[in-house]
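Below is one structure, written out as structure tokens; comments come after it.
Any read-out appearing in this document is the output of simple, stated calculations on the displayed coordinates, not a laboratory observation. No experiment lies behind these values; they were computed from the predicted model shown. Here the Cβ positions follow ideal geometry from the backbone for every residue, glycine too, while neighbour counts run over all protein chains shown.
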Amino acid sequence: MESASQGLLSDSMTDVPVDNPSAAAMAAPSRTLPYNGLTEAEEEELRAELAKVEDEIGTLRQVLAAKERHCGELKRKLGLTPLDDLKQNLSKSWHDVQVSNAYVSASNTLEDWNDKLTQSEA
């Protein structure tokens, strides 16, 4: 019984391919041009530039966060509240709408219609 199970085990194991890790490491693929058409040197240079730009972005985020904190502190010391900011933003936005070409055009058209309507009723 034991010999029968050993035979099955050994037969199934011979069908499984075995990788030789040292042979795989030795046979590293040679890269002349990667899929994007860049040489290794160009790709390395671009990766270094990308890392530098990402680092600068992180620095700028930190600076912006510090400036926003400082701005908040100054507003708090001046007694300005978020409600004051909201009022100012709404006021500015409404002014921007009122001076926009679309609003001025629509307003003029409505005034003309109103004038014509009131004149026809008289």
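Listing for the model above:
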| item | result |
| --- | --- |
| For SER100, SER120, order by how many other beta-carbon atoms lie within 10 Å, fewest first | SER120, SER100 |
| Cα-based equivalent ellipsoid, region 41-81: semi-axes from gyration tensor eigenvalues, Å | 39, 5, 4 |
| All lysines inside 17 Å of LYS67 as judged from Cα atoms, apart from same-chain residues fewer than 8 positions distant | LYS75, LYS77 |
| Measure of compaction for region 53-101 (Cα Rg per 2.2 N^0.38 Å) | 1.65 |
